[in-house]
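The values are calculated or read from the model by the stated rules, or taken from the named source; none is laboratory data. Bear in mind that the values here come from a model prediction, so they are computed numbers and not experimental data. Ideal geometry is used to build each Cβ from the backbone, glycine not excepted, and the neighbour counts take in all protein chains shown.
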Amino acid sequence: MALPKQDHKIGLEAAAALTRRYREGITEDVVKAGAFHGDQVQALLAQAGCVALRIYYGKNENDSNTLVLVGMDANDKELTGMLLEFIVPCPPFCTDASPLNS
């Protein structure tokens with residue numbers, strides 16, 4: 001089944017409220033965000049037939065949260081030839097001045 005049409009854009013105030021509610025429910029040592037290098041995300045999206053990106057929530061062996069990224073084709077088939085994980089975690093790599101993290 002193909003993904004339904006969806007406008008994924010969100011305003012900063014609404015996004016900040018979402019991330020604030022998440023942070024209010026976790027302890028300080030929990031991973032609250034993860035960064036991926038743009039060139040690798042672009043390579044994932046550049047795969048033949050890739051029209052979307054799916055993000056899976058995951059948990060590492062040390063019990064920290066992580067994200068797994070996989071490309072998808074127009075028929076909602078996952079393109080598993082390239083997957084991304086190994087996030088650069090926040091904390092400790094956080095932008096403290098961000099409205100999404102304050």
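Couple of notes before you dig in:
- Just one of the listed residues (Leu100, Leu84, Leu44, Leu3) is in contact (Cβ under 8 Å) with a residue 40 or more places away in the chain, loosely packed, with under 13 Cβ neighbours inside 10 Å and aliphatic (A, V, I, L, M), namely Leu3.
- Residues located in the stretch 52-69, provided they are under 17 Å from the mean Cα position of the chain (by Cα) and without any contact (Cβ under 8 Å) to a residue 24 or more places away in the chain: Leu53, Ile55, Tyr56, Tyr57, Lys59, Asn60, Val68
- Hits in the stretch 32-51 (condition: closer than 19 Å to Lys5 by Cα and either assigned to a loop (DSSP other than H, G, I, E, B) or within 13 Å of the chain's Cα centre (by Cα) (or both)): Gly49, Cys50, Val51
- Residues that are out of contact with any Asp or Glu (no Cβ under 8 Å at 6 or more places or on another chain) and in a strand (DSSP E or B) were ranked within the stretch 58-81; the one that is surrounded by the most Cβ atoms within 10 Å (Cβ to Cβ) is Asn65.
- Only residues that are at pLDDT 90 or above and either β-branched (Val, Ile, Thr) or part of a loop (DSSP other than H, G, I, E, B) (or both) were counted across the stretch 1-24, and they come to 4.
- Residue in the stretch 68-88 that is in contact with a Phe, Trp or Tyr (Cβ under 7 Å, 6 or more places away or on another chain) and more than 19 Å from His8 (Cβ to Cβ) present: yes
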